[in-house]
Amino acid sequence: MIAEMVRVTARQLLGRRRTLIMLLLALAPILLALLFRLSDAPAGSIRGDRDFLRAVFDAFIVTLLLPLIALLFGTAAFGAEVEDGTIVYLLAKPIPRWRTVLAKLFVAAVASIVLAGSATLLTALIAVGGVAQSSGIVTGFVVGVAAGAVIYTSVFVALSLITSRALIAGLVFVVLWEGVLANFLPGIRFLSIRQYTLGIADAVGVDGRVMADTLDIGLAVGLGSAVVSLATLVAIRRLGGFEIPQED
Amino acid sequence: MSTTPEAPSTTTSALTPPSPTPAPKAGRIVGPVAAPNAGIELRSVSRWYGNVVAVNDISFSLGPGVTGLLGPNGAGKSTLLHLMSGFLRPSAGEVRVAGGSAWRRPEQHRLVGFVPEREAVYSFLTGFEFVRFNARLQGLADVNGAVARAIEMVDLADAQHRPVGTYSKGMRQRIKVAGALVHDPPILLLDEPFNGMDPRQRLGMMELLGRMADEGRVVLFSSHILEEVEQVARRVLVIVAGRLAASGDYRAIRKLMTDRPHAFTVRSSDDRRLATVLIEHPAIFAVELSDGLLTVRSSDFAALSRAISGLARSSGVTLFELIPTDESLDSVFAYLVQR
């Protein structure tokens, strides 16, 4: 029953043009890494590789690519059904709403993990030129991105059931809150998904701290889980009272 | 739950015309339903959006049989069906379907099949996959058997493995019906099911609805076309501007509609002479000749159409044309509301 919902949602999400745009965006850090390898500046030096990787990871992947991918899939999980007018078929079923929300969240999170995670993995592997010497840092980044994808997606799925302008609201959240405020006001670091992502990446990257000044792993995981739980509860509640938009 | 066929809840005389002042609630219920648990019941239901009232204090109850929900576009038919399907919260009153509240009760969809008006379907699925999607989400035990039966019922077996995106409008309507029927629900709600169908498909759909009703199901479909409704529905609910304008047996409502004052424009070889004989006929209460145009008003359409050719012939006038001037459905509805 749920598998069917997952399958159809996946096909609906992957068939959208916006997904293709995200695919192109995900290629950007990979291309950057290729350029970095081809240029002979700090090639071979571990320090140089790591500095580059850290810069791309922090400035592009975690700040831009990850939240945008999660925003796209998270808001489309229900948004595509509403836009296409197919949500009636989903809601006209004797299925408890929490199962519907979990199925949608699952698809959106997996899609985000696959896309953002593989972009991160490829970027890191190309930048460090092989797994052996820096497997720890690569693993750290990929795990961090995967965790961040789940947290971001849950928030955006909930957002799409709160407002019909979830894409815009989500963009404002990503740019203003995550990008500007949480960056410059250290006091609200605790309320930033970007910080949770960096904290987890840093803790998992076993061979030395690569990110300076990140959240403690316990805090990052604890707060991240709290955000996922809260967002999921909100989404279930909102779907329970969801009204189909009327045309006349 | 019981789905035994029962007599329609309305008798031929149980026509309830609208009243200018709000009538007592009980007065506008279509009639007692023997098994309310099996059907649909609305109690003083209203739904508004801000200042706009989409559904205004509607009460009725329905049992097994086909009922037509008739009204002009924008009258609130879709809103009403969405309220019954649990897709909208009533602003006031209560909507009960299959023995429970329709709002916030996903379980009711085990007993209800809903066919939305919007053409939208998952266009990337084939017809078969779409019906299977519905069957699986209903948690059916024999998914393949149910899917095959439903597709057979709407006569789409040949096209079932084509993507729905390639279907014609009429085929989409039918695959939507198959999706709504796949779990064999005792209650079937259809929003403008005949839209986009050619006459043959329309006939097939009408037969299907009739068959569903004969099996003891509650079938409610909306339409803005009187002829569609009267061909299948024994009972009619007329909705105008969010209000229940009339309800009851379709023949009574049909009579109400045809017996309203009709105006006709007549062209003949001698309009003035024809006017003088027409005014003497009891079925005609006004004759007007202005700007060379003869307008005749009658409250009995059938009698007028029988009489006019004879009258013309006996007075030696050749009749060229007889055109109703206000036959639009809107004017029919407007008349019903004014009554």
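General remarks:
- Antiparallel DSSP beta bridges within the protein assembly as shown, percent to nearest 5: 70 percent
- Extending 7 Å from the Cα toward the beta-carbon at both residue A:237 and residue A:84 defines two label points whose distance is 3.0 nm.
- With a cut-off of 10 Å between beta carbons, the residues surrounding residue B:250 carry a summed charge of +3, where Lys and Arg count +1 and Asp and Glu -1.
- Among A:113, A:168, A:193, residue whose mean-square fluctuation peaks in a GNM of chain A (springs only between Cα atoms under 10 Å): A:168
- Straightening the chain between residue B:270 and residue B:289 buys 5.7 nm, computed as 0.36 nm per residue apart minus the Cα-Cα spacing.
- Measuring nothing but protein heavy atoms, the accessible surface of region B:87-128 at 1.4 Å probe radius is 45 percent carbon and sulfur.
- A simple charge model with +1 on the Cβ of Lys and Arg, -1 on the Cβ of Asp and Glu and nothing else charged puts the dipole of region A:2-240 at about 740 debye relative to its Cα centre.
- Taking 0.36 nm per residue of separation and subtracting the current Cα-Cα distance, fully stretching the chain between residue B:313 and residue B:101 would add 70.1 nm.
- C-alpha long axis of helix A:135-162 to longest principal axis of chain A, angle in °: 20 degrees
- Charge sum, other residues only, whose C-beta stays under 9 Å from residue B:294's C-beta, Lys/Arg counted +1 and Asp/Glu -1: 0
- Using alpha-carbon coordinates, inclination of helix A:193-204 to the longest axis of chain A, degrees: 50 degrees
- Residue A:172-residue A:54 pseudo-label distance in nm [points 7 Å out on the Cα-to-Cβ vector]: 3.5 nm
- 10 Å Cβ neighbours from other chains, averaged over peptide A:95-102: 2
- Other residues lying with their Cβ under 13 Å from the Cβ of residue B:315 contribute a combined charge of 0, Lys and Arg counting +1, Asp and Glu -1.
- Inter-chain Cβ neighbour average for residues B:128-135, partner chain, 10 Å: 3
- Two-decimal ratio, region A:2-240, of alpha-carbon radius of gyration to 2.2 N^0.38 Å: 1.03
- Contact order normalised by residue count of chain A, Cα under 8 Å, 6+ apart, percent: 25 percent
- With the whole protein complex present, residue A:93 retains an accessible surface near 10 Å², based on a 1.4 Å probe.
- C-alpha long axis of helix A:97-128 to longest principal axis of chain A, angle in °: 20 degrees
- For residues of A:12-21, the mean tally of beta carbons on other chains within 10 Å: 1
- Cα gyration tensor, the protein assembly as shown - rounded (a/c under 1.5), prolate or oblate: prolate
- Solvent exposure of the protein assembly as shown as accessible area per residue, Å², 1.4 Å probe: 42 Å²
- Pair-distance distribution P(r) for region B:44-124, from all Cα-Cα distances in 5 Å bins starting at 0: 3, 13, 23, 25, 21, 10, 4, 1, 0 percent.
- Shape call, region B:91-151: gyration tensor on alpha carbons, a/c limit 1.5: oblate
- Peptide packing for B:296-307, A:62-73, B:209-220 was compared via the average number of neighbouring C-beta atoms within 10 Å per residue; ordered from the highest value, the list is A:62-73, B:209-220, B:296-307.
- Among B:285, B:114, the sequence by solvent-accessible area, most first, with a 1.4 Å probe is B:285, B:114.
- Cβ-derived FRET efficiency at R0 35 Å, residue B:203 paired with residue B:306, nearest 0.05: 0.75
- When the listed pairs B:77/B:169; B:169/B:255; A:93/B:77; A:104/B:169 are checked against a 25 Å cut-off, the alpha-carbon distance exceeds it for B:169/B:255; A:104/B:169.
- With R₀ set to 41 Å, the beta-carbon distance separating residue A:230 from residue B:141 gives a calculated FRET efficiency near 0.65.
- For region A:113-248, with +1 on Lys and Arg beta carbons and -1 on Asp and Glu, the positive-most of A:166, A:219, A:137 along the dipole: A:219
- Distance (nanometres) between label positions extended 7 Å along Cα→Cβ at residue A:38 and residue A:19: 3.0 nm
- Between chain A and chain B, the total buried accessible area stands at approximately 3000 Å², from heavy atoms with a 1.4 Å probe.
The values are calculated or read from the model by the stated rules, or taken from the named source; none is laboratory data. Since the model is a prediction, treat every value here as computed from it, not as a measurement. Virtual Cβ from ideal backbone geometry, glycine too; neighbours counted across all protein chains shown. For the accessible areas, the whole protein counts, side chains as well, though only heavy atoms, and no ligand, DNA or RNA atoms are used. Shrake-Rupley method; radii C 1.70, N 1.55, O 1.52, S 1.80 Å.
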